[in-house]
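Asks: The following block contains the structure, expressed as structure tokens.
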Amino acid sequence: MKNPGAGIALVVFLVGAAGFTFFRAGRVEVVRPWPPRQKEADSLSLPAPVAASLALASLAPSTHNTQPWKVRVISKDEVVVLLDETRLLPAVDPDRREAFVSIGAFLENLVRGAGTQGLSAEIELKTEDPAKLEVARVKFEPAAERPDPKELEAILSRNTFRGDLPSTALPGETVQILEGTAPSRWTFFPSGSPEGTWIREALGESNRVQASRNEAMEDLASWIRFSPRKVEHKRDGLTPAGMGLPPFARAFMALFFNEKSVTGQAFREAGIKKAQKQAGSCSGFFVLASPDGSPRSAVQAGRDLEAFWLEATARGVAVQPMSQVLEESPWKDRIASRLGIGGTVQMVLRVGLAPTPPRAVSPRRSLGSFVETP
Ligand SMILES: Cc1cc2nc3c(=O)[nH]c(=O)nc-3n(C[C@H](O)[C@H](O)[C@H](O)COP(=O)(O)O)c2cc1C
């Protein structure tokens, strides 16, 4: 070698860079618009409690963490919530049903989040003309009731749990309370029941079909954020920390994975195996139904979903939506009749007693990136 010093310096640099990436990916930096910053509320000309309510709303779950919402400020106490057409999943959610469910969850968090800020938020749905993309008009007023601190805690800690869950049965009282968050719309199927067994098998098979569809994997690829730098920059999508991976696996992904890895055979196979394991390790499945498949019903389903999830969080029940069964044929067309449910199935949730307290790690965009001022 002509210049051994340069070679050594290069090796030291590469080892240092890899070590730094390992260190960064091993730590989980939570990028979320909470606690809210006064400067941000001021820059949007919003009163601090309204800005805080919108920040809490954005902690809602959304399909692939696309956060498909946009907020237009009308006045200091009125906003319009819209569907953001740049944040959709064309191959996985062509009818935009899951996007509307996600916005429904945002609205439920907005109402509850406003309550924690001493406000009441009145929602008027505007889903009649889907071309207009307006979903709801929201008016804020001072609230008569005192805020419940437990509500804020649940909004802040709610998360999607993707690890193993015990098969221990949920206490009957817990099932009743959770079903009671939207009576007659939720049904619980224990994992050992004939329906629970059908759901488990259907989840495994629908995952396999989705993994074989290139367009669906491309949807997934465009919302996966492997590196900490991308997570900080985009503040959306699915992250290794959100997938519940341990530090070493997160660091490995940050170093060696990119968008292309997602459409590779190894990633597809690993995803199928993981989904089968998840479907097989839980107490059972909660299924949410609506009278029909309209955008309005999907928004209501999102509100039901979030009300359920916050109650589950407060009661130590871990939740993971598993949607491939509602996205792939023939399961999406058969699920309602197979489970004896009338109307449209909107969500299938895998649940179980949470092995650890919930910790929200998935990122959310800043207020300024989804709120437009006049
Ligand atoms: C309509 C909808 C469908 C979802 N489907 C799935 C799913 O199939 N698998 C999954 O692991 N998570 C699913 N999720 C959860 C989201 O990925 C999750 O909410 C998002 O990544 C943000 O993470 P968080 O819930 O931990 O805040 C779904 C969420 C919604 C609202």
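Asks: Relative to the Cα centre, what is the charge dipole magnitude of the range 172-353, using +1 at the beta carbon of each Lys and Arg, -1 at the beta carbon of each Asp and Glu, and rounding to the nearest 20 debye?
Replies: In debye, rounded to 20, the range 172-353 gives about 540.
Asks: How far is it, in nm, from the label point at LYS277 to the one at GLU124 when both lie 7 Å from their Cα along the line to the Cβ?
Replies: Simple spin-label model gives 5.1 nm for this pair.
Asks: Still on this structure, I have one more. If the viscosity is 0.890 mPa s and the temperature 25 °C, what translational diffusion coefficient in µm²/s does Stokes-Einstein give for the range 154-262 when Rh comes from Kirkwood over Cα pairs?
Replies: 143
Asks: Principal axis extents for the chain, Cα atoms only, whole Å, descending order, please.
Replies: Cα extents, longest axis first: 77, 55, 40 Å.
Asks: Per residue, how much accessible surface does the chain expose to a 1.4 Å probe? Answer in Å², no decimals.
Replies: Roughly 46 Å² per residue, with all protein chains present.
Asks: For the chain, what % of the accessible area comes from carbon and sulfur atoms, probe 1.4 Å?
Replies: That fraction is 55 percent.
Asks: Follow-up question, since we're still on this one. Binning at 10 angstrom from zero up to the longest distance, how are the C-alpha pair distances of the range 172-353 distributed in percent?
Replies: 9, 33, 36, 20, 3
Asks: In the range 172-353, if the dipole is taken from +1 on Lys/Arg beta carbons and -1 on Asp/Glu beta carbons about the Cα centre, which of PHE188, GLY204, SER294 is farthest to the positive end?
Replies: GLY204
Asks: Could I ask something else about it? Translational diffusion coefficient, Stokes-Einstein: compute it for the range 66-117 using the Kirkwood radius over C-alpha pairs as Rh, at 10 °C and 1.306 mPa s, and state it as an integer in µm² s⁻¹.
Replies: 132
Asks: Enumerate the lysines that LYS126 could reach by cross-link, defined here as Cα to Cα under 19 Å, with residues fewer than 8 away along the same chain left out.
Replies: Filter leaves LYS70, LYS139.
Asks: Once fully extended, how much extra length lies between GLN176 and LYS234, figured as 0.36 nm per residue of separation less the alpha-carbon to alpha-carbon distance?
Replies: 17.0 nm
Asks: Give the aspartates and glutamates whose C-alpha is closer than 17 Å to that of LYS332, dropping any in the same chain fewer than 8 places away, or say none.
Replies: Qualifying aspartates and glutamates at Cα under 17 Å: ASP93, ASP95, GLU98, GLU195, GLU201, GLU205, ASP292.
Asks: Mind checking the range 64-126 for GluC sites (Glu not before Pro) that DSSP puts in a loop (not H, G, I, E or B) and that have at most 11 other Cβ atoms within 10 Å?
Replies: GLU85
Asks: Hey, if you put +1 on the Cβ of every Lys and Arg and -1 on every Asp and Glu Cβ in the range 172-353, which of GLN278, ASN258, TRP309 ends up farthest toward the positive end of that dipole?
Replies: Of the options given, the answer is ASN258.
Asks: If DNA, RNA and ligands are ignored and the probe is 1.4 Å, what is the ranking of PHE257, PHE188, PHE308 by accessible area, most exposed first?
Replies: Most to least solvent-accessible, the answer reads PHE257, PHE188, PHE308.
Asks: Students often check this: by mean Cβ neighbours within 10 Å, which of 358-371, 276-289 ranks highest, and how do the rest follow?
Replies: Taking the mean over residues of other Cβ atoms within 10 Å, the ranking is 276-289, 358-371.
Asks: Here's something else I'd like to know. To the nearest 10 square angstrom, what accessible area does TRP331 show with a 1.4 Å probe?
Replies: Looks like 30 Å² after rounding.
Asks: Can you give me the distance in nm between label points at VAL30 and ALA144, each placed 7 Å from the Cα along the Cα-to-Cβ direction?
Replies: Here the modelled spin labels are 3.5 nm apart.
Asks: Just grab the label-to-label distance for ALA266 and SER157, each label 7 Å out from Cα along the Cβ direction, in nm (one decimal).
Replies: 3.8
Asks: Going from most exposed to least, what order do MET322, MET243 have by accessible area with a 1.4 Å probe?
Replies: Ranking MET322, MET243 by accessible area, largest first, yields MET243, MET322.
Asks: A follow-up question, please. Please work out the FRET efficiency for the pair ALA91 and THR356, using the Cβ-Cβ distance as r and a Förster radius of 30 Å; give the result to the nearest 0.05.
Replies: Computed FRET efficiency for ALA91 and THR356: 0.35.
Asks: I've got another one for you. Tell me which aspartates and glutamates have Cα within less than 14 Å of LYS234's Cα, excluding those fewer than 8 residues away on the same chain?
Replies: GLU29
Asks: Place +1 on the Cβ of every Lys and Arg and -1 on the Cβ of every Asp and Glu in the chain, take the dipole about the Cα centre, and give the residue among SER53, LEU119, SER167 whose Cα lies farthest towards its positive end.
Replies: Of SER53, LEU119, SER167, it is SER167.
The values are calculated or read from the model by the stated rules, or taken from the named source; none is laboratory data. The structure presented is a predicted model; accordingly, all values stated were derived computationally and were not measured. Every residue, glycine among them, receives a Cβ derived from its backbone with ideal geometry; neighbour counts consider all protein chains shown. Each accessible area value is taken on the protein alone, full model and side chains, heavy atoms only, with ligands, DNA and RNA left out. Shrake-Rupley method; radii C 1.70, N 1.55, O 1.52, S 1.80 Å.
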